1. Distances over 20 Å make up what percent of all Cα-Cα pairs in the range 40-102?
2. Expected output is a single nm value to one decimal: the length gained when fully extending between Thr94 and Gln66, i.e. 0.36 nm times separation in residues minus the C-alpha distance. What is it?
3. Name the residue from Asn220, Val186, Thr173 whose Cα lies farthest towards the positive end of the charge dipole of the chain, charges +1 on Cβ of Lys and Arg and -1 on Cβ of Asp and Glu.
4. Of the chymotrypsin sites (Phe, Trp or Tyr not before Pro) in the range 28-128, which ones lie in a loop per DSSP and count no more than 14 other C-beta atoms within 10 Å?
5. Choose one of Val232, Trp133, Gln89: the residue whose Cα lies farthest towards the positive end of the charge dipole of the chain (beta-carbon charges +1 Lys, Arg; -1 Asp, Glu; about the Cα centre).
6. Can you tell me the dipole magnitude for the chain around its Cα centre, using point charges on the Cβ only (Lys, Arg +1; Asp, Glu -1), in Debye to the nearest 20?
7. Using a basic spin-label model with each label point 7 Å from the Cα along Cα→Cβ, how many nm lie between Asn197 and Val120?
8. Quote the relative contact order of the chain in percent (integer), defining contacts as alpha-carbon pairs under 8 Å separated by 6+ residues.
Amino acid sequence: MVHTRRILTIGALVYASVLGVPAAIGAPVSVQSAALTTFHTCVLTGTAASGTTNVDSYVNQASPVQNNGTNSTTTVNSAALSNTRTYIQFDLTTCIPAIPSSATVNRATLRLFVTALPGVCRTDDIFRVTSSWTESGVTWNNQPFGTTINNPPSAQATSSMTLGTGCAVNTATSTYVTGWNVTSDVSAFVAGTATNNGWMVRDDVEGSVSARSSTFSARNANNPARGPQLVVDYTT
């Protein structure tokens, strides 16, 4: 789904005058050349119908060789020996119209529909994935970021947000949580300076003594009103 707005900027009219008197009404006037700026919004929503263009899965430390790519939910969990991480990727070439490499990405936001939240306020970090993975193949043991918990370091996150009971925002279920700003990553994907392998979401502090879990609707739930979304605002 693409929404387009256009702003047309026209230079000031140039009035002909004789001896300081404006030209008569209806007389010819000259106009500067127009400069056109076009604003677009591309919303990519993951559903089963979207095939493999928008994919997601999660990996589970407690089941390290199990793939969860066909599940209807993904999770982010912090727990002793049972951490989970969500992997997600969107194919930007499916935006209509296509985003040119010269476009300016003004803002890009990842949105997930939450079905369960932790009973305390947690921080979830999102990281740009730097190597390839597949929805049907990724597991805890072969995931791009390895099996060490709290890796990569939180300081390397593209963006972070809080969610759960006691937070100032993102305290309700059955809605989209908001706060992951991935503008810098999408800008690099569009410009071709980074490969689009999507993102990984993990709890800011993995290995919690008490399990702290968030559950999100996955594309395989096949619900367009709840599917994972990437919203990209850009200008050409």
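1. 41 percent
2. Numbers: separation 28, 0.36 × 28 = 10.08 nm, distance 2.97 nm.
Length gained, Thr94 through Gln66: 7.1 nm.
3. Thr173
4. Sites meeting the loop and neighbour criteria: none at all.
5. Of the candidates, Val232 comes out farthest on the positive side.
6. Roughly 320 debye for the chain.
7. A separation of 3.3 nm, rounded to one decimal place.
8. 32 percent
Throughout, read-outs are computed from the coordinates displayed, never taken from laboratory work. This structure is a prediction, so every number in the text was calculated from the model and none was measured. Glycine gets a Cβ as well: all are built from the backbone with ideal geometry, and neighbour counts include every protein chain shown.
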